[in-house]
Amino acid sequence: MSFDSLGLSAEILRAVSDKGYTTPTPIQIQAIPLVLEGRDLMGGAQTGTGKTAGFTLPLLQRLMDTTKPQKGRRPLRCLILTPTRELAAQVHESVQTYGRHLPLKSAVVFGGVSINPQKMKLIKGLDILVATPGRLLDHVSQRSADLSKVDILVLDEADRMLDMGFIHDIKKVLALLPKEKQTLLFSATFSNDIKKLANNLLNNPALIEVAQINTTAERIKQVVHHVDKGRKRELLSFLIGSNNWKQVLVFTRTKHGANRLAEQLGKDGITSAAIHGNKSQGARTRALADFKAGKVRVLVATDIAARGIDIDQLPHVVNFELPNVAEDYVHRIGRTGRAGNEGEAMSLVCVDELKLLKDIERLTKSEIPKITTEGYEIDPSIKAEPIQNGRGGKQQPRRRNAGNNSGGRNTSARRSGGNKSSGDRSSGNKSESPWSKATGNKSRRNNNQNRAPSGNR
Ligand code: AMP
């Protein structure tokens, strides 16, 4: 199958070929003809499947097909909503890339940067706008965006938009759009909330699914590395150094943790930058650009900041800490193994996280191989403690299935054995160590790694 038979114009095909794509991905084969027919779409697509081109290519075609000679400012005809700034910027980059030989105008708007330059672009008139919901509403309230002529709406990564609490903003935006329009909704997972949103929004949608939802891409080699919490950073430096990993995306659970880890890795001589919601948009963009350019070896990110990061051939993702929500694991490791490339995802798992690991294996319906590295063996006498989600153990206001998070209460009491957590219950005495269940006989030594240096830094 080639792109030529999908019904796209010569200009769009030229842009696709400029980009070096020769064969459409499965989601593109399914989505492109349906969007060209004008159908509403509900797309279940894993990250890295090529879904952005799957919706962008045909929507550019439709906009070209329906362009009317226009006097005065061109009306905004296509709105693409994304959950994060990074994803918005990347989707807009795709719109520009695939539309480079077309006379269509586009822009991207998101928060964290000055609103005025965005206003100028909007006021001049655009065909396509990529936006995060909050900033879009700012523009609506300041009258720089008029959504009344939108023909095509795309909700990208809809599950994440709901997870991030954007439902009210989305509803406000939907109320401003014409009733008659084509709507494309993409989501990696389909919770009941997503189904409800889709039911209200989509009109007889075509359903496309390119990989089983909630399963992890097969191209990604996954491994769990058991290690004690206090030695994770040391081990990470050791693995990066001894394996000579050049580009590693590392996930932490908290912004503070991301900062601290980037700093510590820097002290170990490994160039690192952190991105998270507290960093300015400028700092986030710079860190990502440096990482992509190879100037920074490690990018430490929180889940939300990393959403949508698209780096060609990113070889390594490391979960320094497992996410509280098992679905986030799928999103995280989907940053590697994209577009048919091989990738490796390693999770450093301490005793506190064994329940989270079980949740992930249940969700992905697969058992992840376990390894240890000589010199970094676990100490089975260390008891599980509740997982803290930030400074002072404040629980993040996020959502379903919050794992074994008990908000970090009574940590000291628990350390002294005075209080039982779910972790404590399963590690009440040594003979019932959670590790014996977690590692079993399946654990293997990380033989292809070097030995840990004696003295262990
Ligand atoms: P996405 O799932 O849209 O984030 O795309 C993942 C990656 O696949 C991006 O780096 C795209 O540039 C790349 N990509 C998209 N379509 C194709 C294609 N047909 N052939 C090769 N790479 C592609």
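The values are calculated or read from the model by the stated rules, or taken from the named source; none is laboratory data. Please read all numbers here as calculations on a predicted model, not as lab measurements. Please note: Cβ atoms are built from the backbone with ideal geometry, for glycine as well, and neighbour counts cover all protein chains shown.
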- Query: Between residues in segment 321-335 that are hydrophobic (A, V, I, L, M, F, W, C) and residues that are part of a helix (DSSP H, G or I), which pairs lie under 6 Å by C-beta distance while being six or more apart or on different chains?
  - Reply: Leu322/Glu353; Leu322/Leu356; Ala326/Asp359; Ala326/Ile360; Ala326/Leu363
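So which of Gly294, Gly257 ends up being outside the structural domain of Glu157 (by TED's automatic domain parsing) and surrounded by fewer than 16 Cβ atoms within 10 Å (Cβ to Cβ)?
Details: Gly257 fails: surrounded by fewer than 16 Cβ atoms within 10 Å (Cβ to Cβ).
None of the others qualify; the one that does is Gly294.
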- Task: Please verify whether segment 3-18 includes one or more residues that are in contact with a helix residue (DSSP H, G or I) (Cβ under 9 Å, 6 or more places away or on another chain), over 30 Å from Gly277 (Cα atoms), without any contact (Cβ under 8 Å) to a residue 60 or more places away in the chain and among the acidic types (Asp, Glu).
- Result: yes
- Message: Give all pairs with beta carbons closer than 7 Å in which a residue from segment 119-141 that is closer than 14 Å to Leu176 by Cβ meets a residue that is aromatic (Phe, Trp, Tyr); count only pairs at least 6 apart in sequence or on separate chains.
- Response: Ala131/Phe110; Pro133/Phe166
- Note on the structure: Inside segment 151-188, the number of residues satisfying the requirement of being crowded, with 22+ Cβ neighbours inside 10 Å and of a type in the set (Phe, Trp, Tyr) is 1
- Return the only residue of Lys71, Lys19 being more than 24 Å from Asp151 (Cβ to Cβ) and basic (Lys, Arg). Lys19
- Query: Identify, please: which residue in segment 1-13 is modelled with pLDDT of 95 or more and not in a helix (DSSP H, G or I) and is, among those, nearest to the ligand (Cβ to nearest atom)?
  - Reply: Leu8
- Message: Can you find, within segment 31-57, the residue that is surrounded by the fewest Cβ atoms within 10 Å (Cβ to Cβ) among those that are away from the ligand (no atom under 13 Å from the Cβ) and assigned to a helix (DSSP H, G or I)?
- Response: Pro33
- Among Asp127, Asp146, Asp159, Asp138, which is the only one that is under 26 Å from Ala198 (Cα atoms) and over 28 Å from the mean Cα position of the chain (by Cα)? Asp146
- Query: Restricting attention to segment 201-221, and to residues there that are modelled with pLDDT under 90 and not hydrophobic (A, V, I, L, M, F, W, C), which single residue is farthest from Glu157 (Cα to Cα)?
  - Reply: Lys221
- Residue in segment 14-29 that is surrounded by the fewest Cβ atoms within 10 Å (Cβ to Cβ), counting only those that are under 13 Å from Ser94 (Cα atoms) and more than 10 Å from the ligand (Cβ to nearest atom): Asp18
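I'm checking my understanding of the structure. Among residues of segment 323-338 that are more than 11 Å from Ala188 (Cβ to Cβ) and modelled with pLDDT of 80 or more, which one is nearest to the chain's Cα centre (by Cα)?
Let us first name the residues in segment 323-338 that are more than 11 Å from Ala188 (Cβ to Cβ), namely 323-326, 329, 332-333, 335-338.
Imposing the further condition that a residue be modelled with pLDDT of 80 or more reduces the set to 323-326, 329, 332-333.
On the way: Pro323: 12, Asn324: 14, Val325: 13, Ala326: 13, Tyr329: 9, Arg332: 6, Ile333: 8 Å.
The qualifying residue nearest to the chain's Cα centre (by Cα) is Arg332.
Can you tell me how many residues in segment 66-117 are within 16 Å of the ligand (Cβ to nearest atom), over 21 Å from the mean Cα position of the chain (by Cα) and buried (at least 20 other Cβ atoms within 10 Å of the Cβ)? Reasoning before the result, please.
First pass over segment 66-117, keeping only residues within 16 Å of the ligand (Cβ to nearest atom): 80-100, 108.
Adding the requirement that they be over 21 Å from the mean Cα position of the chain (by Cα) leaves 96-100.
If we keep only those that are buried (at least 20 other Cβ atoms within 10 Å of the Cβ) too, we end up with 98-99.
Final tally of qualifying residues: 2.
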- Would a scan of segment 149-167 turn up a residue that is in contact with a Gly (Cβ under 6 Å, 6 or more places away or on another chain) and either small (Gly, Ala, Ser) or under 19 Å from Leu81 (Cα atoms) (or both)? no
- Query: Quick one: would you say Gly266 is modelled with pLDDT of 90 or more, surrounded by fewer than 20 Cβ atoms within 10 Å (Cβ to Cβ) and not β-branched (Val, Ile, Thr)?
  - Reply: yes
